[in-house]
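Only the coordinates and a few stated rules stand behind these numbers; no lab work does. This structure is a prediction, so every number in the text was calculated from the model and none was measured. Heads up, the Cβs are rebuilt from the backbone with ideal geometry, glycines too, and the neighbour counts pull from every protein chain shown.
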Ligand code: NAP
Ligand code: F7E
């Protein structure tokens, strides 16, 4: 039986990845940062809280990472922990640098010391493309991050490449485009929208305040994307892969899909609020996942319409 360690197991991707690895027969360990209130709701929703071993630790504390690696005896390490909300990275740039950026150095160093043969996955992001340098972004497109989050992730990405090249580590980086699910955090735009649609439909909310609805994103389903992470670590050779659907849609159109699903017209409820605009925006993202299709045999399997309807239905169940 293989052991895996997931940092960020209480997050959206961590929960789905834990579920997937359990289904593959792994013993799953998760690093959990101390919080004053409970953060295990996603593990409970997937009904796997009792099936995983949780280990206290923080990406900012390298001694806790060393202990977690020793305790878990992990042969596969998935680094999903991060301050992952782009909006918050302007108000907390140093924390974002420390966790999302330097945290990767802490974990790579801990892996190198405890078991340099362990396979390592880094959660890189399409935010690194930022001000896009090509219409479709692939593994060879130059980066131009537009937020402190994107900058921190770029450091983690290049450090992963560097540890692979310097020390021969099996370290891979998934450049994942936006992926969503009913387990998405409420601050991200898709879940903010689907939660609001459910509340408006049931008379618990009157309006939905949004920022730049002209932004375009390549949105997929998180449940599909975690399988790509696992596939990367099953390859003989470590590498970097873009994971995306290859379709881009405006926030405006995504909002329309959500309202239409419950028979409402979004124009009656959406209010544009400057408070939700960002100091610098990523206007459009569109991934080219052909390398992942070719080498991993991975392809996105859920359309945006299916995804948004799945999220609205889940939020309707929650608020009813
Ligand atoms: P998420 O839901 O925000 O989860 C982040 C996880 O990191 C949570 O479990 C959080 O714990 C944990 N964490 C935060 N600070 C930590 C610290 N100092 N030490 C240890 N754990 C800490 O993010 P996600 O959507 O699942 O994304 C997973 C990873 O993929 C992130 O690295 C994200 O940046 C990256 N990514 C996401 C997307 C996307 O569209 N979802 C796309 C590309 C890349 P708490 O629950 O206790 O806060
Ligand atoms: O914003 C616009 C906003 O916060 C999407 C993270 O998982 O994906 C995510 O980052 C777009 C942006 O995600 C609101 O300006 C308009 O253009 O859902 P989001 P994100 O910033 O793309 C990447 C790949 C990651 O790696 C990140 O970790 O929607 N937008 N109005 C809004 N966004 C929010 N949050 N709230 C609004 O009211």
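If you wrap the chain in the convex hull of its Cα atoms and look at it from every side, the mean projected area works out to 15.5 nm². The C-alpha radius of gyration of segment 33-166, expressed as a fraction of 2.2 N^0.38 Å, stands at 1.13.
Between residue 234 and residue 299, the simple label model (points 7 Å from Cα in the Cβ direction) yields a spacing of 1.7 nm. Applying 1/(1 + (r/R0)^6) with R0 = 25 Å to the Cβ-Cβ distance of residue 109 and residue 47, what FRET efficiency is obtained, to the nearest 0.05? My answer for the efficiency is 0.10.
Which values of log₁₀ I(q)/I(0), to two decimal places, follow from the Debye formula for segment 237-320 at q = 0.17, 0.20 Å⁻¹ with a uniform point scatterer at every Cα? Summing over Cα pairs of segment 237-320 leads to -0.93, -1.06.
At R0 = 30 Å, how high is the FRET efficiency between residue 262 and residue 283 if r is their beta carbon distance? Nearest 0.05 is fine. Each step should come with its number before you reach the end.
Values: r = 29 Å, r/R0 = 0.96.
Computed FRET efficiency for residue 262 and residue 283: 0.55.
The tail of the calculated P(r) for segment 152-195 beyond 18 Å holds 51 percent of all Cα-Cα pairs.
Computed extension length for residue 276-residue 252: 7.2 nm, one decimal, from 0.36 nm per residue of separation with the Cα-Cα distance subtracted. Expressed as a whole percent, the proportion of Cα-Cα pairs in segment 156-255 lying more than 19 Å apart is 56%. Taking every alpha-carbon pair in segment 211-277 and binning the separations at 5 Å intervals from zero gives 3, 13, 17, 16, 16, 11, 9, 7, 5, 2, 0 percent. This ranking places 245, 66 by how few other beta-carbon atoms lie within 10 Å of each, fewest first, which gives 66, 245.
When only alpha carbons are used to place a centre, segment 150-196 and segment 7-21 end up 13 Å from one another.
Rounded to 0.05, the FRET efficiency of the residue 205 and residue 290 pair, given R0 = 45 Å and the Cβ-Cβ distance, is 0.65.
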